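Colleague: Got a structure for you, written out below as structure tokens; questions coming shortly.
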Amino acid sequence: MNIGIIGAGNMGAALGKLWAKAGHQVIFSYSRDEDKLREIAASAGMTAKAGTIQAAVAESDVVFLAVWLPSLEEVIHTAGSLAGKIIITCVSGLQPDFTGQTIGLTTDLKISVAETIQQLIPNAKVVEAFNTTFAEIIASDSRQFGSDFPSVFYCGDDIEAKQIVAGLIEECGYESVDAGNLIVARTLETLATAWVQFAVSSQLFPNLGLKALQR
């Protein structure tokens, strides 16, 4: 599979390296430091390269979007046609206070960031995923916690796209958990922010994994 990474920060770099290791063709893009971008691609192996946002989109079936919210619309407009692409997003519009003293996590958003992305690119297949885990865990030697593997929740409206994303989640060493339609991203984005806040305020960050126990 061809995978474009838009946003070569800690999350994008770590996931891209795992997918390249699994044999996918990966293009890393969008970094303020072009040398860093090339270094990330080189360290990911023979199936990875660095490129522009436009190349990462044009040459890929799946695009992983990991950019800061203020840059989101500009990035999407720069990317070129995203019609028919599977867009995986972990972008959040909520910000934790990192003290654990907040009661409720306020936001001016009326819908989730994932839904906003879907509105901006209505012909794409948007799936929310990977926002309830930490880049440090992804970049570590193993995602395993003792005998357990942490869960990654995902949601979206396109069944086939979700199946592909579930496979990509599991290739990274996580249990994939289908959380439902894209509207559930409102819950997942809030959960992700609360999870980050808890991890930091409890001084357990980043060595925590979220596990969904089912029976």
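The values are calculated or read from the model by the stated rules, or taken from the named source; none is laboratory data. Just so it is clear, the model here is predicted, and its values are computed rather than measured. Please note: Cβ atoms are built from the backbone with ideal geometry, for glycine as well, and neighbour counts cover all protein chains shown. These accessible areas exclude ligands, DNA and RNA; they are computed on the full protein's heavy atoms, side chains included. Shrake-Rupley method; radii C 1.70, N 1.55, O 1.52, S 1.80 Å.
Colleague: Modelled with pLDDT of 95 or more, assigned to a helix (DSSP H, G or I) and more than 16 Å from Thr89 (Cα to Cα) - does that describe any residue in region 176-192?
Modeller: Among the residues of region 176-192, not one is modelled with pLDDT of 95 or more, assigned to a helix (DSSP H, G or I) and more than 16 Å from Thr89 (Cα to Cα), which makes the answer no.
Colleague: Does any residue of region 12-31 turn out to be open to solvent by 50 Å² or more (accessible area, probe 1.4 Å), in contact with a His (Cβ under 8 Å, 6 or more places away or on another chain), under 20 Å from Gly167 (Cα atoms) and not aliphatic (A, V, I, L, M)?
Modeller: no
Colleague: Continuing with this model, one more query. Taking Asp108, is it farther than 17 Å from Ala212 by Cβ, of a type outside the set (A, V, I, L, M, F, W, C), open to solvent by 50 Å² or more (accessible area, probe 1.4 Å) and more than 18 Å from the chain's Cα centre (by Cα)? Before you say what the answer is, go through the steps one by one.
Modeller: Values: farther than 17 Å from Ala212 by Cβ: yes; of a type outside the set (A, V, I, L, M, F, W, C): yes; open to solvent by 50 Å² or more (accessible area, probe 1.4 Å): yes; more than 18 Å from the chain's Cα centre (by Cα): yes.
Considered against the rule, which asks whether it is farther than 17 Å from Ala212 by Cβ, of a type outside the set (A, V, I, L, M, F, W, C), open to solvent by 50 Å² or more (accessible area, probe 1.4 Å) and more than 18 Å from the chain's Cα centre (by Cα), Asp108 comes out as yes.
Colleague: Which pairs turn up if I take residues in region 192-211 that are farther than 22 Å from Ile169 by Cα and look for partners that are in a helix (DSSP H, G or I) with beta carbon separation below 7 Å, at least 6 apart in sequence or on another chain?
Modeller: none
Colleague: Among the residues of region 74-90, what is the count of those that are of a type outside the set (A, V, I, L, M, F, W, C), open to solvent by 10 Å² or more (accessible area, probe 1.4 Å) and within 17 Å of Val127 (Cα to Cα)?
Modeller: 2
Colleague: Only residues that are surrounded by fewer than 21 Cβ atoms within 10 Å (Cβ to Cβ) and of a type in the set (Gly, Ala, Ser): list them for region 180-201, please.
Modeller: Gly180, Ala194, Ala199, Ser201
Colleague: On to the next question. So Gly93 passes all but one of these: (1) modelled with pLDDT under 95; (2) surrounded by fewer than 14 Cβ atoms within 10 Å (Cβ to Cβ). Which condition number does it fail?
Modeller: With respect to (1) modelled with pLDDT under 95; (2) surrounded by fewer than 14 Cβ atoms within 10 Å (Cβ to Cβ), Gly93 is out only on (2).
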